[in-house]
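These notes are about the structure you will find just below.
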Amino acid sequence: MSMSYLELSDVGIEFDTNGEKFRALRNVNLKIQQGEFVSLIGHSGCGKSTVLNIIAGLHQATEGGVILQGKEVSDPGPDRAVVFQNHSLMPWLTVRENVELAVNQVFKSTKSKAERRDWVLHNLALVNMEHALDKLPGEISGGMKQRVGIARCLAMQPRVLLMDEPFGALDALTRAQLQDSLMKIQAELGNTVVMITHDVDEAVLLSDRIVMMTNGPAATIGKVLSVELERPRDRLDLAEDPTFVHLRQQVLEFLYAKKHDEGAAARPSLEAVPAASKHDGDDHTEAA
Amino acid sequence: MSESSTSAASRPLTIPFSLPKVRSVVETAVFPILGILCFLLLWQFGANRIDTSLGQFPGPVQVWEQVGNLAQEYQREQEKEVAFYERQEARNAKKLAANPDAEIKIRSYTGKPTYLDQIVTSLVTVAAGFFIANLVAIPLGLLCGLSSGFYRAMNPIIQIFKPVSPLAWLPLVTMVVSATYTAEDPFFEKSFLNSAITVALCCLWPTLINTTVGVAGIDRDLVNVSRVMSLSPLVHVRKIVLPAAVPMIFTGLRLSLATGWMVLIAAEMLAQNPGLGKFVWDEFQNGSSNSLGRIMVAVLTIGFIGFILDRLMLLVQRRVSWDKQAVLR
């Protein structure tokens, strides 16, 4: 069996909250190839963010483990940069300084001062933010902040780019713009991306594979869907593309049909909100 | 008539004072002045009715007289000082003229401290105490905020020493200072050290506690960003923890400075540090008919300086704070 680029093998996690054990994940198995774009989709509280945090090293799996290029992941590191939902820029640093902080940390011994400066500018140019170098995060819009957050992660040259509902807090128009930017950048740089989303269209549009998760507690991977759509993809052309519509249909079916049989029994209180519009702010702290 | 009124309405800018402007002037200036006037009237009225063994309680008018007296004393003392140095210079010049190798002595003037000197001493003492306190409180607060284990270890100590009055510390501080600070030619007066250390012991706590809360309350995501970037602990503290905690640290610093200034007066009274506290104590012991008026001048000075110190801290806070939208008051 060939070794995959990133592998989650039998990952499970149990949280200890006030002496009570809570099992969030069990038997999560996933193999991701280099340059692949994978999204994780599932209902709120199903542990998608926990999977991402385990890959990032921010949480330690209690069973199984994550292997990146043949080495087990134990700590957080810049090779697995995370784009958080709420941009997470340091509000006291300018756009340039925010990216600089990451660049200076990652390339302090491999790039000269001038090279690092150019690298910061290059990455901000990738996300079209070179016009706001000396603005503070409080002075730019939400979409711009998220662009800077992405630039900061790209600048670390991560082996895997992890995105935790990166566009969840943005309005639909801005979200579409950023999705297009992300597709362009990924086509150019060939990043390996793992993205969490609530948005079915986003998942189908961006991904090579969509990983659908069952509802928690003790969530796991329910179904993996391959998205066989030609790249570059155009959202307007795809809107009526039969493959796109079919894939979209399959994801929706998984999310809602599942809910009726086993999901409803496990979490009867979960109300049926369309997944596309569903979003909750503290998803990644759900199990803490 | 009607023509002029319509033209005025169509050109509102020609009206010199629009109504909202007048209202804002009333709110910002007239009300505070009214408040102060009412207070002065009540004070004068009340003071007339209080007879003490040192004469009638001073009203605003008598206090104002004492302000004049203190200013005059200051001027006289200054003149004396100038005269002293002139005499000394003349004496030395004469000596040198007679014998160029003569050893000349230059003594500094040691007159009685004026009111202004006492204010300066108090300010220097409180600054020293405040500085010592922050040297301890900010690093300790950082540690407490970063490590919950360290916080649990420190918490009982903080809770027990926080409410202790300066008067309880002072005798201990005095004894320790006189036992350990035994330099031949001391750079600091012992009374100065006693007061400063007492101030430090009392104004340590607000900064310590607020720094702890500020550091512990950093956005989890920012901490995660730092972990993903693998920042070293030092860079983490410098680039993320400290800036994030700055607003809370400053809240603590302002409370600390206010506490320190309040404590100082009591400490100076007992430690006999030549500042405002000693001035009050000396006037009280002096017991002349002017004493109460002079003490009242000191009371107002203390209050006014406390106010200025707080405003200064606010200015510094505005300067260093990254959140320019925050409403600071």
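The values are calculated or read from the model by the stated rules, or taken from the named source; none is laboratory data. Nothing here was measured: the structure is a model prediction, and the numbers come from that model. Here the Cβ is made from the backbone with ideal geometry for all residues, glycine too, and neighbour counts use every protein chain on show.
For the reader, a short list of remarks on this structure follows.
- Per-region count, the range A:110-148, residues under 19 Å from B:Arg238 (Cβ atoms) and outside any helix (DSSP H, G or I): 1
- Residue within the range A:71-87 that is farther than 23 Å from A:Cys153 by Cβ, among the charged types (D, E, K, R) and out of contact with any His (no Cβ under 8 Å at 6 or more places or on another chain) present: no
- Top-ranked residue of the range B:274-329 - restricted to ones that are away from chain A (no Cβ under 14 Å) and aromatic (Phe, Trp, Tyr), ranked as surrounded by the fewest Cβ atoms within 10 Å (Cβ to Cβ): B:Phe304
- Test: B:Ile160 is aliphatic (A, V, I, L, M) and within 14 Å of chain A (Cβ to nearest Cβ): no
- Cβ separations smaller than 9 Å between residues 6+ apart or across chains give the following pairs from the range B:23-45 residues that are modelled with pLDDT under 90 to residues that are among the aromatic types (Phe, Trp, Tyr): B:Val25/B:Phe17.
- The single residue among A:Leu101, A:Leu89 that is at the interface with chain B (Cβ under 10 Å from one of its Cβ atoms), under 17 Å from A:Ala151 (Cβ atoms), modelled with pLDDT of 90 or more and surrounded by fewer than 24 Cβ atoms within 10 Å (Cβ to Cβ) turns out to be A:Leu101.
- Some residue of the range A:8-22 being more than 16 Å from the chain's Cα centre (by Cα) and within 14 Å of another protein chain (Cβ to nearest Cβ): no
- Odd one out for B:Phe130, checked against (1) over 18 Å from B:Ser191 (Cα atoms); (2) in contact (Cβ under 8 Å) with a residue 40 or more places away in the chain: (1)
- Every residue from the range B:109-127 that is outside any helix (DSSP H, G or I) and hydroxyl-bearing (Ser, Thr, Tyr): B:Tyr109, B:Thr110, B:Thr114
- Just one of the numbered conditions (1) in a helix (DSSP H, G or I); (2) within 11 Å of another protein chain (Cβ to nearest Cβ); (3) of a type in the set (A, V, I, L, M, F, W, C); (4) free of Cβ contacts under 8 Å to residues at least 40 places away in the same chain is not true of B:Met248: (2).
- Residue match in the range B:165-178 (condition: not in a helix (DSSP H, G or I) and not β-branched (Val, Ile, Thr)): yes
- For the range A:36-58, taking the residues that are among the hydroxyl-bearing types (Ser, Thr, Tyr) and out of contact with any Asp or Glu (no Cβ under 7 Å at 6 or more places or on another chain), the one that is nearest to the other protein chains (Cβ to nearest Cβ) is identified as A:Thr50.
- Top-ranked residue in the range B:228-245 [being more than 8 Å from every other protein chain (Cβ to nearest Cβ) and in a helix (DSSP H, G or I); ranked as surrounded by the fewest Cβ atoms within 10 Å (Cβ to Cβ)]: B:Leu234
- Filter result for the condition that a residue is away from every other protein chain (no Cβ under 14 Å), part of a helix (DSSP H, G or I) and touching a helix residue (DSSP H, G or I) at 6+ places or on another chain (Cβ under 9 Å), over B:Val225, B:Val199: B:Val199
- Taking the range B:43-67 as the range and being exposed (fewer than 11 other Cβ atoms within 10 Å of the Cβ) and either under 28 Å from the mean Cα position of the chain (by Cα) or in a helix (DSSP H, G or I) (or both) as the test, only B:Phe45 passes.
- Residue in the range A:36-48 that is over 15 Å from A:Val224 (Cβ atoms) and either β-branched (Val, Ile, Thr) or touching a Ser or Thr at 6+ places or on another chain (Cβ under 6 Å) (or both) present: no
- Some residue of the range B:210-217 being away from chain A (no Cβ under 14 Å), closer than 27 Å to A:Phe84 by Cβ, touching a Cys at 6+ places or on another chain (Cβ under 7 Å) and not small (Gly, Ala, Ser): yes
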